[in-house]
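Trainee: Structure provided below as structure tokens; questions to follow.
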Amino acid sequence: MAHALPHDTSAPRSTDGPLLRVEDLRVDIEARDRTVHALDGVSLDVAPGEPLGIVGESGCGKTMTALSVLGLLPPGGRITGGRVLFAGHDLTAAPAPVLQDIRGNTIGMIFQDPLTSLNPTMTIGAQIAEPLLLHRPGIGRKEASARAEKMLRLVGMPRPSERMRAYPHQLSGGMRQRVAIAMALVCEPKLLIADEPTTALDVTTQAQILELVDELRRTLGMAMILVTHDLGVIASRVDRVAVMYAGKVAEQSDVRGLFARPRHRYTEALFAALPERAADSGTELHTIPGLPPSLTTRLTGCRFAPRCAFATDACHEREPEPADDELQGPEHRFACFHPVPHDAEAPAAELVTPPPAVAAEPGEALLELDALTKEFPLPGGPFVRRRGTVSAVGGVSLTVRKGETYGVVGESGCGKTTLGRIVAGLEEPTAGAVRFAGRDLAALSRAERRAHRRRVQLMFQDSTAAMDPRMRVGEILREPLVIQRVGSRADQEKLVGELLDAVGLPRGAVHRYPHEFSGGQRQR
């Protein structure tokens with residue numbers, strides 16, 4: 001299989017033993033009516049100063065592995081087997097005070113969603129300074145604040161002294177991510193865990209954040225675990241990679257070896273499904289058939305077997321043991337009965353190829369924006385007058401026709417989301433007009449606005465904040481149908497099931513709460 005090989009920017013691996021070693025880690029999550037076997041025998045290690053990538057589909061255990069290192073398990077979660085050794089100490093047996101001292105001090109973590117991981121009631125400066133006040137008793141508030149501002153400057157925050165007084169909701173997604181990085185690094189940890197650090201960021205900001213994390217890792221001499229679903233990020237930012245599937249490690253290798261010769265059939269399928277591969281070769285985009293297995297039952301056999309074109313009876317009956325690659329030895333291990341041959345040049349033809357999309361001819365104008373402007377007043381205070389306005393959208397005009405897909409791109413904070421919220425009727429424009437199907441939205445009555453919201457839907461950027469944590473997913477999905485009086489209850493439940501099928505989630509998901517899903521599953 002031909003792939004562009006990543007360039008090697010690493011230093012040689014330490015021979016003094018790993019900084020972090022995860023041995024046969026098993027994690028169960030006790031829910032109301034079931035037990036989820038989230039991790040089942042995960043083993044990996046990270047040397048001092050080494051960046052390790054963990055990659056795989058949503059729900060395969062990447063984030064759970066990262067959280068388990070720090071003992072940050074969800075409600076009902078417990079480690080049922082294995083060990084997590086950090087600098088020789090078993091964290092699975094460590095008392096709570098020891099773990100609290102390690103978190104944010106010798107191990108830093110960048111969480112997947114910076115908005116929900118930041119305290120909305122605290123200023124940015126106070127939140128960055130907090131780890132220093134907790135873990136460095138000799139540092140006073142003034143010095144901690146000075147170090148926090150210095151860290152903001154280090155992570156490339158514009159006007160850091162001004163941002164110190166801001167709150168999380170006043171920052172764009174890229175800025176909040178920089179704050180999360182500053183918090184994770186302010187105590188100069190030995191190990192940094194970055195869980196999908198570029199989720200929902202634009203391409204420009206994503207590249208800046210990844211470059212920033214990589215530069216700081218080298219400067220501070222930290223080891224790093226980078227959790228991501230993006231093989232492109234893996235190629236350019238880590239030295240070694242662990243491919244996870246259904247709570248287990250399917251394959252481990254140095255990154256160049258994995259890209260040159262993937263051995264596990266699941267890894268091969270991930271490479272075949274890369275959009276850029278189809279674009280570069282001019283071939284059809286491959287997809288992996290089926291869905292990952294449910295982890296609520298004890299699985300037998302190879303977990304990828306139901307989706308693998310090469311599976312035999314042996315694959316379904318017993319689980320393959322990890323084995324060394326014949327050419328690379330113990331540096332490249334995989335668990336597959338029918339590995340990809342070393343001379344393979346192309347992905348398996350048996351992978352599912354979706355039918356080509358049929359483009360519809362654009363019709364008459366459906367949405368028209370005419371010189372649309374939106375300004376937000378700058379907040380004042382009890383002794384401070386308002387200081388003017390911020391122009392979020394300034395004189396935007398565009399037309400979207402029936403059957404047309406219209407892209408709006410730009411860097412964080414340039415007004416894309418505000419534009420979408422105005423079209424959906426969630427924000428009122430300061431000036432200009434929004435016409436949908438020929439009607440000016442400003443002239444709609446209250447009843448007509450409610451009907452309009454059925455015709456224009458907004459997929460929110462932050463899936464966690466968009467869902468009520470007290471409602472089950474089935475109730476969340478049914479709620480719009482109930483409000484808009486669409487069908488009977490039976491019709492609504494049938495439609496909810498069909499929607500879950502369409503986005504690749506099991507129908508049993510209706511009984512679960514949002515926090516019981518991975519980030520990718522919540523987005524679905």
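Just so it is clear, none of the values below were taken in a lab; they were calculated from the coordinates. This structure is a prediction, so every number in the text was calculated from the model and none was measured. Here Cβ is always computed from backbone atoms with ideal geometry, including for glycine, and neighbour counts include all displayed protein chains.
Trainee: Which three semi-axes in whole Å describe the equivalent ellipsoid of the chain, each the square root of 5 times a Cα gyration tensor eigenvalue, listed largest first?
Mentor: On the way: eigenvalues 302, 214, 106 Å².
So the three semi-axes of the chain are 39, 33, 23 Å.
Trainee: Using 0.36 nm per residue, how much length does the chain from Asp101 to Gln484 gain when fully extended, once their Cα-Cα distance is taken away?
Mentor: 132.8 nm
Trainee: Most exposed first by the Cβ proxy, i.e. fewest other Cβ within 10 Å, how do Ile128, Ile422 rank?
Mentor: Lowest count first: Ile422, Ile128.
Trainee: Turning to a different aspect of this structure: If you keep only loop residues by DSSP, which trypsin sites (Lys or Arg not before Pro) in region 381-472 have at most 13 other Cβ atoms within 10 Å of their Cβ?
Mentor: Sparse-neighbourhood loop trypsin sites (Lys or Arg not before Pro): Arg385, Arg386, Arg387, Lys402, Arg470.
Trainee: Show me, for region 94-102, the HN-Hα J-couplings you get by feeding each phi into the Karplus relation (A = 6.51, B = -1.76, C = 1.60, θ = phi - 60°), rounded to Hz, glycine and proline as x.
Mentor: Listing the rounded values in order: 6, x, 4, x, 5, 4, 5, 6, 6 Hz.
Trainee: What ranking, highest mean first, results for peptides 91-98, 318-325 when packing means the other Cβ atoms within 10 Å averaged over each residue?
Mentor: 318-325, 91-98
Trainee: Would you kindly state how much longer the chain becomes between Ala323 and Met459 on full extension, computed as 0.36 nm times their sequence separation minus their alpha carbon distance, in nm to one decimal?
Mentor: Once the chain is fully extended between Ala323 and Met459, it gains 44.6 nm.
Trainee: Sticking with this structure for a sec: Taking the Cβ of each residue in Asp28, Asp501, Asp195 as the centre, tally the other Cβ atoms inside 10 Å and list the residues starting with the fewest. Working shown, then result.
Mentor: Details: Asp28 19, Asp501 12, Asp195 22.
Lowest to highest Cβ neighbour count: Asp501, Asp28, Asp195.
Trainee: Determine, for Tyr406, Tyr513, the number of other Cβ atoms within 10 Å of each Cβ, and report the residues in order from fewest to most. Can you show the working numbers first?
Mentor: Numbers: Tyr406 11, Tyr513 18.
The fewest-first ordering by Cβ neighbours comes to Tyr406, Tyr513.
Trainee: Please list 39-48, 329-338 highest first by mean number of surrounding beta-carbon atoms within 10 Å per residue. Walk me through the intermediate numbers first.
Mentor: Working: 39-48: 20.8, 329-338: 17.9.
Top of the packing list down: 39-48, 329-338.
Trainee: Roughly what would the spin-label model give for Thr300 and His89, points 7 Å off Cα along C-beta, in nm?
Mentor: If labels sit at Thr300 and His89, their model points lie 4.3 nm apart.
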